[in-house]
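Note sheet for the following structure.
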Amino acid sequence: RLNRVKEFMKRALAKYQPSENNFPVLHTSGKFTEQSTASAPFSAITEVLERLVGTICRSDDLQSKVKGRIAVSELIGSGREGNQVLRATFPVLAPLLGSSSADSVHPSMSAIKECTCELFSSAICDSLDHPLIFFLDDLQWGDEASIEMLSFLLSSRKLRNILFICSFRSNEVHAEHSFAKMKENIMSVRSSTTQSIDLFNLSPEAVTKFIADTVRKDEAEEVADLAEAVYKKTMGNIFFVIQALE
């Protein structure tokens, strides 16, 4: 039964994976950890960029578009100081940045933010037919540099054709937390394009539908007994529901 569930999820996710010549939705994600707060600045953003570069490089057409836009950029083009800034901060971007001299730089936070914004606004997002989905998980553990970077990107008027999704554990983010302050500021200055969603436990009906979808049953009644047992064990917590099914 578990193998059937895994196979179903694999096929379902495959529908949303970009193929060589077709990018209906380009998405990338990264996750902060408790260790990253102090010891690994930009850890989740680096993870996001590494996955994004890998996806872009799987399409010759998209890779050519992005590299072409980077090459003509006055800020991050080959040989420009911004190109070195990105290389020094995010080495995973090297496949998109073209050839470079061996000069080393020690970029300021301001330069890092400007160059990263230029990378997204002028090179990647403008090369896509549909918005890029950029997901960051567990921002309650986000390091200060990443929070500052995210605040800059979300406030930028240059950035378009991109959807940021940030998740965090609200019980671990107090009013003085840097992410809470950033969230409040973004909600005030970009209120028309920003939304906050609280996620609660699923209802019995939602659990039943989720299980029916997972095991490929057209009628919810076919899994009613299983759904009832799972709901009693989990009270609708989606993580526990998945564990119970496994």
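Below are the figures for this structure:
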| quantity | calculated |
| --- | --- |
| Local net charge near Arg51, Cβ-Cβ under 12 Å (Lys/Arg +1, Asp/Glu -1) | 0 |
| Nearest 10 degrees, 0 to 90: helix 60-71 Cα axis against the chain principal axis | 40 |
| Glu144 - accessible surface, heavy atoms, 1.4 Å probe, Å² rounded to 10 | 120 |
| Prolate/oblate/rounded label for region 52-156 (Cα gyration tensor, a/c 1.5) | oblate |
| Crossing angle, helix 109-118 versus the chain [Cα axis fit, 0-90 degrees, rounded to tens] | 70 |
| Accessible area of the chain divided out per residue, in Å², using a probe of 1.4 angstrom | 59 |
| With every protein chain in place, the chain: carbon and sulfur % of accessible area (1.4 Å) | 52 |
| Candidates Glu81, Glu118, Glu205: whichever shows maximal mean-square fluctuation once the chain is modelled as a Gaussian network with Cα springs under 10 Å | Glu205 |
| log₁₀ of I(q)/I(0) at q = 0.07, 0.12 Å⁻¹ - the chain, Debye sum with one point per alpha carbon | -0.31, -0.83 |
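The values are calculated or read from the model by the stated rules, or taken from the named source; none is laboratory data. Small disclaimer: the values here were computed from a predicted structure and weren't measured. Glycine also receives a Cβ, built like all others from the backbone with ideal geometry; neighbour counts cover every protein chain displayed. With ligands, DNA and RNA removed, areas are computed over all heavy atoms of the protein, side chains included. Shrake-Rupley method; radii C 1.70, N 1.55, O 1.52, S 1.80 Å.
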